[in-house]
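Encoded as structure tokens, the structure appears first; notes follow it.
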Amino acid sequence: MDPPCNQLASVGGFYSMLSRELDELHQSFLSHNVMIPIQFLSKVLSSLHSFHSQLTTLVQKLHLPVGEKWLDEYMDESSRLWEACLVLKSGVLGMENYHSSGANIASSLDGYHHHSNAQVSRQVIRAIVGCQREVIVLEEENKRLVETRVEALSLQFEGNNNIVKNESSWFNAFNGFRGVLYAMRNVNSLLISILFSGLVYCRPPFWQGAAAFREGHMSTFGSAFMDSVARLQRRVGNEMDQIGGQSASAGMIMLYEFRQAKIAMEELKVALEIISGGAAGCESDQIDIQEKLDRLKSCFGLLRCGVETIIGQLDDFFDEIVEGRKKLMGMSRT
């Protein structure tokens, strides 16, 4: 039986909301003049939070039957989100040691002058090399994290490979909630994949399947929503591919602030190596070192603020998931 008109309107409104917010994410991405900045990833995480909150509100409007399978399906998806956020937080926490090490290196050079003992330069160079090794270890650990825990999250788009999903009755089950949850699962997969690529480890298979998902379900969800999904996936995916193509290593943390901190540290190391080798000493070289030091401090300061912001958002999202589960479990018993 099809859901009543007022419930169809609520479901249609939810799809329209998803489309608007995905389009806003797309515009936000285009508005930045750098690739994968923390501001964009923070907005992605905020949207993920908002979608989950509004999904809970939608359930209240649909008056779903007590004790039926819709709650199990919702619980499965919210559990997947919880696990994904645990992996995200684990990966982001790994950056804390890195930006702390970078800040310590910058502090150790306060008041640095060329006429200081060259041993100081060599000590700082060793510290930088040690920090750069930490980055290699971090990205390897994040790679293993993705390989061991993310596979179970099934982040690929769910294409039209199940014949039952061609039937409107399947999508309209539970007053249309099953179709909403199915759409949300794919949107969640896209947003989580963006977050993983930016903050944990970028892996190309994250971007496969959007075209099949769009073509297979255009008539079910409407062209506006499907176009919004495909547009965001295509734009961010292309940028990820471009960054990966420019990188000397395949698979990396794509966060702009993280990549800039790595570059700033390498530039400072090269300059100090020149000085410790006795090839510098003029006033212009001193200014150059100070500029590189200021850039290093700025990069690591931005990275630290970004990491703290993301961790705070993740903690808030954990609370939202817990509250949503409690609320819907309470509704299913009354």
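Annotations
- Tally of residues being of a type in the set (S, T, N, Q), part of a helix (DSSP H, G or I) and surrounded by fewer than 15 Cβ atoms within 10 Å (Cβ to Cβ) across the stretch 16-33: 3
- Residues considered: LEU64, LEU41. Of these, the only one that is buried (at least 18 other Cβ atoms within 10 Å of the Cβ) and not in a helix (DSSP H, G or I) is LEU64.
- Qualifying residue in the stretch 266-279 (condition: surrounded by 13 or more Cβ atoms within 10 Å (Cβ to Cβ), more than 29 Å from MET75 (Cα to Cα), among the basic types (Lys, Arg) and at pLDDT 80 or above): yes
- For the stretch 75-101, the candidate set comprises residues that are of a type in the set (A, V, I, L, M) and crowded, with 19+ Cβ neighbours inside 10 Å; within that set, the residue that is farthest from the chain's Cα centre (by Cα) is MET95.
- GLU83 meets each of the listed conditions (1) more than 23 Å from VAL307 (Cβ to Cβ); (2) assigned to a helix (DSSP H, G or I) apart from (1).
- Matching residues, the stretch 140-157, being crowded, with 18+ Cβ neighbours inside 10 Å and either at pLDDT 80 or above or not aromatic (Phe, Trp, Tyr) (or both): ASN142, LEU145, VAL146, VAL150, LEU153, LEU155
- Inter-residue pairs, beta-carbon under 6 Å, first assigned to a helix (DSSP H, G or I) and in the stretch 228-254, second at pLDDT below 80 and not basic (Lys, Arg), 6+ apart: ALA230/ALA210; GLN233/ALA210; GLY237/TRP207
- Test: residue in the stretch 36-55 that is within 15 Å of PHE174 (Cα to Cα) and more than 18 Å from the chain's Cα centre (by Cα): yes
- Residue match in the stretch 162-178 (condition: surrounded by fewer than 23 Cβ atoms within 10 Å (Cβ to Cβ), over 24 Å from LEU71 (Cα atoms), more than 16 Å from the chain's Cα centre (by Cα) and modelled with pLDDT under 70): no
- Scan of the stretch 198-209 for residues that are part of a helix (DSSP H, G or I), modelled with pLDDT under 90 and either buried (at least 23 other Cβ atoms within 10 Å of the Cβ) or among the acidic types (Asp, Glu) (or both), ordered by number: PHE206
- Qualifying positions in the stretch 225-241 - of a type outside the set (Val, Ile, Thr), within 17 Å of the chain's Cα centre (by Cα) and either crowded, with 22+ Cβ neighbours inside 10 Å or at pLDDT below 85 (or both): LEU232, GLN233, GLY237, ASN238, GLU239, MET240, ASP241
The values are calculated or read from the model by the stated rules, or taken from the named source; none is laboratory data. All values derive from a computational prediction rather than experimental measurement. Note that each Cβ is placed from the backbone with ideal geometry, even for glycine, and that neighbours are counted across all protein chains shown.
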